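The values are calculated or read from the model by the stated rules, or taken from the named source; none is laboratory data. Source: prediction; values computed, not measured. Because the Cβ atoms are built from the backbone with ideal geometry, glycine has one as well, and the counts that use them run over all protein chains shown. Each accessible area value is taken on the protein alone, full model and side chains, heavy atoms only, with ligands, DNA and RNA left out. Shrake-Rupley method; radii C 1.70, N 1.55, O 1.52, S 1.80 Å.
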Amino acid sequence: MTETKNAALIAQRSALLATVVLTRRLNIDVHPFGTAGDVGIDLIATIRPDADEELQGFLPFAVVVWGTSKELHNANEAT
């Protein structure tokens, strides 16, 4: 596999894993942001407040996704 294809695969896999983790909370929506290869924000996530919550409105936050092809054996290596 070429290095460009490998980097694209890592980027796509990392964004998908980030989406899975973020959407474990059912009130979070995740949207792609920017294009592949951009440096900066990768995803925009929005929190949908419950109807009975005091804080209402558009609650977005930016997500920067990093990935690696290196095998990580524990959480300390990932930080």
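Condition first: surrounded by 10 or more Cβ atoms within 10 Å (Cβ to Cβ) and more than 20 Å from ALA15 (Cβ to Cβ). Now tell me which residues in region 51-75 satisfy that. GLU53, GLN56, LEU59, listed by residue number.
When GLY34 is tested against (1) at pLDDT below 90; (2) in contact with a Pro (Cβ under 7 Å, 6 or more places away or on another chain); (3) surrounded by 11 or more Cβ atoms within 10 Å (Cβ to Cβ), exactly one condition is not met: (2).
Only residues that are over 21 Å from ARG24 (Cβ atoms) and of a type in the set (Val, Ile, Thr) were counted in region 48-77, giving 1. Taken together, the criteria place ALA45 among residues that are surrounded by 12 or more Cβ atoms within 10 Å (Cβ to Cβ), touching a Phe, Trp or Tyr at 6+ places or on another chain (Cβ under 6 Å) and hydrophobic (A, V, I, L, M, F, W, C). Among the conditions (1) free of Cβ contacts under 8 Å to residues at least 40 places away in the same chain; (2) closer than 25 Å to THR79 by Cβ; (3) of a type in the set (Val, Ile, Thr); (4) open to solvent by less than 60 Å² (accessible area, probe 1.4 Å), ILE10 misses just one, which is (1). If you scan region 20-78, which residues turn out to be touching a residue at least 40 places away in the same chain (Cβ under 8 Å) and in a loop (DSSP other than H, G, I, E, B)? Those that are touching a residue at least 40 places away in the same chain (Cβ under 8 Å) and in a loop (DSSP other than H, G, I, E, B): VAL65, TRP66, GLY67, THR68, SER69.
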